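Q: Right, I'll just put the structure down here and ask away after.
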Amino acid sequence: MDGAVRSVWAHNFAAESRVLHQVAPGARHVALNVQYPGCVVVHSSGRQHYDLIAEERYEVIRANVALLKPLQVGIAVRTVDGQRFAWEFNLRGFDIASEEDARDPTSIAYLADCGVDFNRLPQAGIDGFKLRFLLRDSGLLRARPSWATFTGAYHVAYFVRLMYGENLPDGVDDFMKMAHQLLGPLYDVKRLAREHDRSCVGSLSNVVKKLAVVPPGEGISKSKPAGTGSMLALLAFETLKQKLGANMEKCRHELCGLQAI
């Protein structure tokens, strides 16, 4: 994959901010990936997520996003002149040593195996308000690129809360309006992949392999999960955009994990 992931902590935040300020105004496509410490809230009915209607699914998403603290934000950018960049912003806030910080142990173990440095986050991570200011000030949102994510309901929900600095709205329609106002055109790669080929299903790594967006012999790294996830989502989005053409528009603003798709 071209465009190595740039790992960002407090010590190099200023330097990477300058790079993003140079890149952001020319953004054409942006992919988003947020890593968070799992899910701890289930619906009061006890029904599984796939048995819920959109309002009920959103109720669960909203409750988890209000309770849990995001760990990393991955942003991958394709510029109008064809360059690709990817950043992984490591956030301060979650403290693995604190029992007050909710988490799903299974998710924590998986993310630790992927290289998330939980012990470093509280001391060396970035304050969320600083990232919010950077993304607003950089020109990334004003460029009005197309945004992509993969199984994006939670990714977008965490990002919307981060960017507005407040709790998510009560209803799913108000949430989608807020996401649209913030991001503009928004696509879920999983939904696009299914529209392209009904057999193109499963995890992001399965989809990018099916689409052959990673060169043969080049493995998919588990390290830097948010940054790598955003870059893979960007590569898959660009491939699917070429394959689907105008048919892609029927999938706009449909988020897997929220709508029944």
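Q: Would you mind stating whether Glu56 is farther than 22 Å from Ala233 by Cα, of a type outside the set (A, V, I, L, M, F, W, C) and surrounded by 12 or more Cβ atoms within 10 Å (Cβ to Cβ)?
A: Details: farther than 22 Å from Ala233 by Cα: yes; of a type outside the set (A, V, I, L, M, F, W, C): yes; surrounded by 12 or more Cβ atoms within 10 Å (Cβ to Cβ): yes.
For Glu56, the condition - farther than 22 Å from Ala233 by Cα, of a type outside the set (A, V, I, L, M, F, W, C) and surrounded by 12 or more Cβ atoms within 10 Å (Cβ to Cβ) - is met.
Q: Kindly establish whether Arg161 is touching a residue at least 12 places away in the same chain (Cβ under 8 Å), in a helix (DSSP H, G or I), open to solvent by 30 Å² or more (accessible area, probe 1.4 Å) and closer than 20 Å to Pro37 by Cβ.
A: Considered against the rule, which asks whether it is touching a residue at least 12 places away in the same chain (Cβ under 8 Å), in a helix (DSSP H, G or I), open to solvent by 30 Å² or more (accessible area, probe 1.4 Å) and closer than 20 Å to Pro37 by Cβ, Arg161 comes out as yes.
Q: So which residues in the range 139-154 are open to solvent by less than 20 Å² (accessible area, probe 1.4 Å), under 11 Å from Val34 (Cα atoms) and not aliphatic (A, V, I, L, M)?
A: Thr149, Gly152
Q: Determine if the range 82-99 includes at least one residue that is without any contact (Cβ under 8 Å) to a residue 40 or more places away in the chain, assigned to a loop (DSSP other than H, G, I, E, B) and open to solvent by less than 10 Å² (accessible area, probe 1.4 Å).
A: no
Q: Residues being closer than 24 Å to Leu111 by Cα and free of Cβ contacts under 8 Å to residues at least 60 places away in the same chain: count how many of those fall in the range 51-70.
A: Final tally of qualifying residues: 5.
Q: Within the range 171-194, is there a residue that is farther than 23 Å from Pro25 by Cα, acidic (Asp, Glu), over 17 Å from the mean Cα position of the chain (by Cα) and not in a helix (DSSP H, G or I)?
A: There is no residue in the range 171-194 that is farther than 23 Å from Pro25 by Cα, acidic (Asp, Glu), over 17 Å from the mean Cα position of the chain (by Cα) and not in a helix (DSSP H, G or I).
Q: What is the number of the single condition among (1) surrounded by 22 or more Cβ atoms within 10 Å (Cβ to Cβ); (2) in a helix (DSSP H, G or I) that Arg62 does not meet?
A: Every condition holds for Arg62 apart from (1).
Q: Quick one: is Ala226 open to solvent by less than 10 Å² (accessible area, probe 1.4 Å), in contact (Cβ under 8 Å) with a residue 24 or more places away in the chain and closer than 20 Å to Glu59 by Cα? Let's see the steps before the verdict.
A: Working: open to solvent by less than 10 Å² (accessible area, probe 1.4 Å): yes; in contact (Cβ under 8 Å) with a residue 24 or more places away in the chain: yes; closer than 20 Å to Glu59 by Cα: no.
It is false that Ala226 is open to solvent by less than 10 Å² (accessible area, probe 1.4 Å), in contact (Cβ under 8 Å) with a residue 24 or more places away in the chain and closer than 20 Å to Glu59 by Cα.
Q: Could you count how many residues in the range 200-215 are under 14 Å from Leu240 (Cα atoms) and either open to solvent by 50 Å² or more (accessible area, probe 1.4 Å) or within 18 Å of the chain's Cα centre (by Cα) (or both)?
A: The initial filter retains those residues of the range 200-215 that are under 14 Å from Leu240 (Cα atoms), namely 200-201, 204, 207-214.
Those still in the list that are either open to solvent by 50 Å² or more (accessible area, probe 1.4 Å) or within 18 Å of the chain's Cα centre (by Cα) (or both) too: 201, 204, 207-210, 212.
Residues meeting the conditions: 7.
Q: What number of residues in the range 172-195 are open to solvent by less than 50 Å² (accessible area, probe 1.4 Å) and either in contact with an Asp or Glu (Cβ under 7 Å, 6 or more places away or on another chain) or charged (D, E, K, R) (or both)?
A: So the first thing to find is which residues in the range 172-195 are open to solvent by less than 50 Å² (accessible area, probe 1.4 Å), and the list is 172, 175-176, 178-179, 182-189, 191-193.
Remaining after also requiring either in contact with an Asp or Glu (Cβ under 7 Å, 6 or more places away or on another chain) or charged (D, E, K, R) (or both): 172, 188, 191.
Selection size over the range 172-195: 3.
Q: Pick from the range 16-47 the residues that are free of Cβ contacts under 8 Å to residues at least 24 places away in the same chain and over 19 Å from Arg84 (Cβ atoms): which of them is least open to solvent (accessible area, probe 1.4 Å)?
A: Here is the first cut: in the range 16-47, the residues free of Cβ contacts under 8 Å to residues at least 24 places away in the same chain are 18, 22, 42-47.
Then keep just the ones that are over 19 Å from Arg84 (Cβ atoms); that gives 42-47.
Values: Val42: 117, His43: 21, Ser44: 106, Ser45: 61, Gly46: 55, Arg47: 94 Å².
In this case the residue turns out to be His43.
The values are calculated or read from the model by the stated rules, or taken from the named source; none is laboratory data. Every value quoted in this text rests on a predicted model; they were computed, and no experiment measured them. As a convention, Cβ positions derive from the backbone with ideal geometry for all residues, glycine included, and neighbour counts pool all protein chains shown. The accessibility values were calculated without ligands, DNA or RNA, using every heavy atom of the protein model including side chains. Shrake-Rupley method; radii C 1.70, N 1.55, O 1.52, S 1.80 Å.
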